[in-house]
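What follows is a set of notes on a single structure, which appears directly below.
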Amino acid sequence: MFTGIIRQTGTIVAVERRPQWRVITVDAGPMGGEASVGDSVCVNGACLTATRVDDSRVTFDVGAETLRLTTLGELREGDVVNLEPSLRVGDRLSGHFVSGHVDGVGTIRQKKELAGEVRLEVEVESRLTDLMVLKGSVAVDGISLTIAALRDGAFEVSLIPYTLAVTTMQSMRPGDRANVECDMIGRWVKRLIAQQGAADVQSPLSVRRLEEEGF
């Protein structure tokens, strides 16, 4: 479990290509010195397990499913990534609950410089915006952000100077791709509504149904 509050950025120092997977090594700076083999680390929004730690360098195996659902297969040596260690019991939850299980990949369509903020427009599949609400939370490349505008197939987030300074968002440009994770509460609400809808179809309104519901 994560919060979407980026601890720091790291640099990809090695990418080993295997037939169906990748091995990536990140120079995680001070955070690398705190990591242990087996730890979960959020790398650009995807939860990965540390398989080797060598001073500040942390190595991760990236499986076929993760490569298919995220942008991690596009990483190259020298790329900068957002990093967050897993949430520990007793830690402050400064962002929102982030699982590190990416829902889909979005494409940056616009990056608008405004007074005191930068607006980022992200195009995604409609199935993702169906899980979002205006002013709700979303994780973009692992960063906890608030949805400032929402429509079918796209959303906007507002980036303050601090977020731009401490994450990879400063270098994001139109056409770039980013990992998107919707708020997990939205996922559960949609599932419960779907289940309730199915129950309604199976058991339409009737006197018996009203009695069962306590009327």
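Exposure proxy ranking for I193, I6, based on other Cβ atoms within 10 angstrom of each Cβ and starting from the fewest, stands as I193, I6. Against the main long axis of the alpha-carbon atoms of the chain, helix 184-202 sits at an angle near 30°.
Mean sequence separation of contacting Cα pairs (under 8 Å, at least six apart), scaled by the length of region 99-140, corresponds to a relative contact order of 32 percent. From the coordinates of this entry, semi-axes √(5λ) of the Cα gyration tensor in Å is computed, and it appears in (1) 32, 18, 14; (2) 30, 19, 18; (3) 35, 21, 17 under the label (3). The protection proxy used here, the mean number of other Cβ atoms lying within 10 Å of each residue, ranks peptides 22-33, 105-116 as follows, highest first: 22-33, 105-116. Once a ≥ b ≥ c are taken as the square roots of the eigenvalues of the Cα gyration tensor of region 1-124, is the result rounded (a/c under 1.5), prolate (a/b larger than b/c) or oblate (a/b not larger than b/c)? Oblate, because a/c is 1.5 or more while a/b does not exceed b/c. Among C47, C42, C182, a tally of other beta-carbon atoms within 10 Å of each Cβ gives an order, fewest to most, of C47, C182, C42.
Where a number appears in this text, it was derived from the coordinates with a stated rule and is not lab data. Not measured: the values here are computed from a predicted model. Reconstructed Cβ throughout: ideal geometry from the backbone, glycine too, with neighbour counts over all protein chains shown.
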